[in-house]
1. When the residues of the range 70-89 are narrowed to those that are exposed (fewer than 15 other Cβ atoms within 10 Å of the Cβ) and in contact with a strand residue (DSSP E or B) (Cβ under 7 Å, 6 or more places away or on another chain), which ends up farthest from residue 27 (Cα to Cα)?
2. Please verify whether the range 22-40 includes one or more residues that are under 12 Å from residue 90 (Cα atoms) and among the hydroxyl-bearing types (Ser, Thr, Tyr).
3. When both residues are 6+ apart or on different chains and their Cβ atoms are under 8 Å apart, which pairs have a first residue that lies in the range 36-49 and is charged (D, E, K, R), and a second that is surrounded by 15 or more Cβ atoms within 10 Å (Cβ to Cβ)?
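Here, each number is a calculation from the coordinates, and none is a lab measurement. Everything numeric in this text was worked out from a predicted model, so none of it was measured. Counting neighbours? That spans all protein chains shown, and the Cβs are built from the backbone with ideal geometry, glycine included.
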Amino acid sequence: MFIAGNFNGHAGAAETYTEVNLFNVKLNSGASLKTGIPVSHNTALLVVEGSIIVNGKEVEEHSFVLFKNDGEEIEMSATKNSVILVLSGSLSRNPLPAMVLL
């Protein structure tokens, strides 16, 4: 599910004030996925359920991965049925308007 941002050419429904990507990825055991994230983004993922291999390293359920800003491609393959939350975003240099919630 593409929540916000751009995932392999598909846009998420949410509008954001800064450049943000937020994806809920579901992979069946044995399935794989490759995507590009801008090198300027701070990128992380959370394995909500299952077990995956990310860029050649095994990542277990409930693990959080914070990526270095030295590459744009992320490869994931599921060793079990898995749910992964992928988050990335660029640092905004523009001040955000103050918001008041009523």
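1. Ranking the qualifying residues of the range 70-89, first place goes to 72.
2. yes
3. Short answer, once both residue conditions are applied: 49/82; 49/83.
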